[in-house]
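**Student:** Below are the structure tokens for one structure; questions will follow.
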Amino acid sequence: MGTIRNSKGQMRVIETILASFIIVFAMSFVNMFAITPTSPKYDVTDLEKMGYSVLHDLDKQGLLARFVYTEEWDNIKAALRVTLPLDVYFSMTVYDLHDTKVNNATIFYGNPETFTTSKNIASVTYGLIGYPKRNEAIYDPRILILQLARG
Amino acid sequence: MKKLIKNKKGQFIIIAFLMIAMMIISIGALMHGAVTYYKHEPWQEYLTLIGSIELNSRHLVELSLANYTHTPDNTLRANLQKWQNNLTRIYRGYGIALNYTLASDTNYNYSLGLACDWNKTASFSAANATFNLNITSIGLTGYKFTAVAFLNLTILNVKAPTNEITVTVKGEDKTPITNLEKDNFQVEELNIASVTSRYDQDHILVYIIKCAENISTIVTVTVWDQRGIQVTAKYSQS
């Protein structure tokens with residue numbers, strides 16, 4: 001009973017509670033800035049990285065320029081489908097330097113709704129300079145815009 | 001309550017916890033800065049960007065050489081100037097600046113980065129440009145690379161009795177070009193019956209062009225590679 005009536009040390013309890021609040025506040029404040037690997041920011045960065053790698057690899061193999069300049073849109077689509085994971089949807093548009101759309105057929109895979117509803121859409125821009133033909137080699141750049149989203 | 005408020009003991013604990021909280025926040029901020037710097041900077045994306053600019057600059061040098069071997073116009077400088085301007089438009093917001101220097105090497109007698117020495121037994125077409133790439137948004141300055149395009153055609157021998165011409169075609173670093181077919185060759189005033197390739201001890205790979213008609217004393221062979229670069233070589237039988 002003497003312990004209950006003892007009024008000494010109550011301030012310590014209040015201090016500890018206050019201090020705990022300070023620690024919890026500090027922890028949650030730090031946590032606000034933490035970016036976990038599942039965050040949307042990482043997802044978009046990951047998709048962008050993937051998009052750049054795929055286009056660069058296709059270009060290195062000499063396929064991308066051939067498909068674009070000989071307008072083999074189905075082959076581009078097939079190449080992207082093979083190289084990208086199944087759950088990654090894509091939409092590609094090819095422009096010339098006057099911002100005129102060059103591809104008359106759609107280069108698209110996935111659910112169209114994904115691109116309108118998804119918050120995490122990555123966009124990758126890639127430039128090509130031209131493609132030589134037997135008696136003709138002209139500088140005629142193309143701008144490729146590849147949009148990627150997870151299905 | 002008054003007693004509690006007036007109690008002057010224990011403030012040190014609050015100060016100590018406040019300091020601990022400040023330390024946690026500071027360490028947290030430092031950790032955040034250190035971890036997210038490497039995780040958030042898309043280095044691979046930047047490497048691919050640099051790689052794609054380098055690759056397409058090389059392609060442009062090859063394309064300009066291919067154009068020069070088909071037409072007498074040296075378009076390399078004009079094309080590089082356009083590419084320099086168009087890069088900032090294609091990759092907006094990166095702060096890309098690409099500078100170039102055209103080769104003026106006396107070995108190959110380059111003229112504004114391009115050289116053609118044709119109508120000899122060993123003929124060649126060559127292009128050479130050195131680039132300097134700066135990307136201000138990622139703090140990249142002074143990234144240098146050299147783009148070289150080269151195609152050599154050498155007529156090794158001509159066998160009149162069998163109407164066969166043996167040639168070797170080499171690219172950069174004197175590596176043999178392996179993927180050439182009948183459509184890649186032309187023999188002046190003669191039709192080609194077939195083109196075959198075989199291993200050679202000295203040249204690694206040689207092409208044997210079999211002509212449909214009788215070979216004259218002077219043979220002129222032209223070759224195009226997959227990049228569209230052309231070379232013409234001439235061989236006189238003594």
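The values are calculated or read from the model by the stated rules, or taken from the named source; none is laboratory data. In this text, all values refer to a predicted model and were calculated from it rather than measured experimentally. Backbone-built Cβ (ideal geometry, glycine too); neighbour counts: all protein chains shown.
**Student:** Keeping to region B:204-226, report how many residues are surrounded by 19 or more Cβ atoms within 10 Å (Cβ to Cβ) and in a loop (DSSP other than H, G, I, E, B).
**Tutor:** Total meeting the criteria: 2.
**Student:** Something else: Within region A:127-145, take every residue that is hydrophobic (A, V, I, L, M, F, W, C), assigned to a strand (DSSP E or B) and at the interface with chain B (Cβ under 7 Å from one of its Cβ atoms) and give me the one that is farthest from B:Tyr68 (Cα to Cα).
**Tutor:** Let us first name the residues in region A:127-145 that are hydrophobic (A, V, I, L, M, F, W, C), namely A:128-129, A:137-138, A:143-145.
So of that shortlist, the ones also assigned to a strand (DSSP E or B) come out as A:128, A:143-145.
Applying the additional criterion that residues be at the interface with chain B (Cβ under 7 Å from one of its Cβ atoms) yields A:128, A:143.
Details: A:Leu128: 20, A:Ile143: 25 Å.
Only one residue fits best here, namely A:Ile143.
**Student:** Among A:Thr70, A:Thr125, which is among the polar types (S, T, N, Q) and over 15 Å from B:Ser52 (Cα atoms)?
**Tutor:** A:Thr70
**Student:** While we're looking at this one, here's another question. If we keep just the residues of region B:55-74 that are within 7 Å of chain A (Cβ to nearest Cβ) and more than 16 Å from A:Lys133 (Cα to Cα), which is nearest to the chain's Cα centre (by Cα)?
**Tutor:** B:Leu55
**Student:** Something else now. Quick one: which residue in B:Ser52, B:Ser26 is part of a helix (DSSP H, G or I), at pLDDT 90 or above and facing chain A (nearest Cβ under 10 Å)?
**Tutor:** Values: B:Ser26 fails: at pLDDT 90 or above.
Matching residue, one of B:Ser52, B:Ser26: B:Ser52.
**Student:** Output the residue which, of all residues in region A:77-106 that are more than 24 Å from B:Asn56 (Cβ to Cβ) and assigned to a strand (DSSP E or B), is farthest from the other protein chains (Cβ to nearest Cβ).
**Tutor:** A:Tyr89
**Student:** Additional query: When only residues in region B:81-100 that are at the interface with chain A (Cβ under 9 Å from one of its Cβ atoms) and not basic (Lys, Arg) count, which is nearest to B:Ala129 (Cα to Cα)?
**Tutor:** The selected residue is B:Trp83.
**Student:** Output the residue which, of all residues in region A:107-126 that are assigned to a loop (DSSP other than H, G, I, E, B) and under 21 Å from A:Ala79 (Cβ atoms), is farthest from the other protein chains (Cβ to nearest Cβ).
**Tutor:** Checking each candidate, the answer is A:Asn111.
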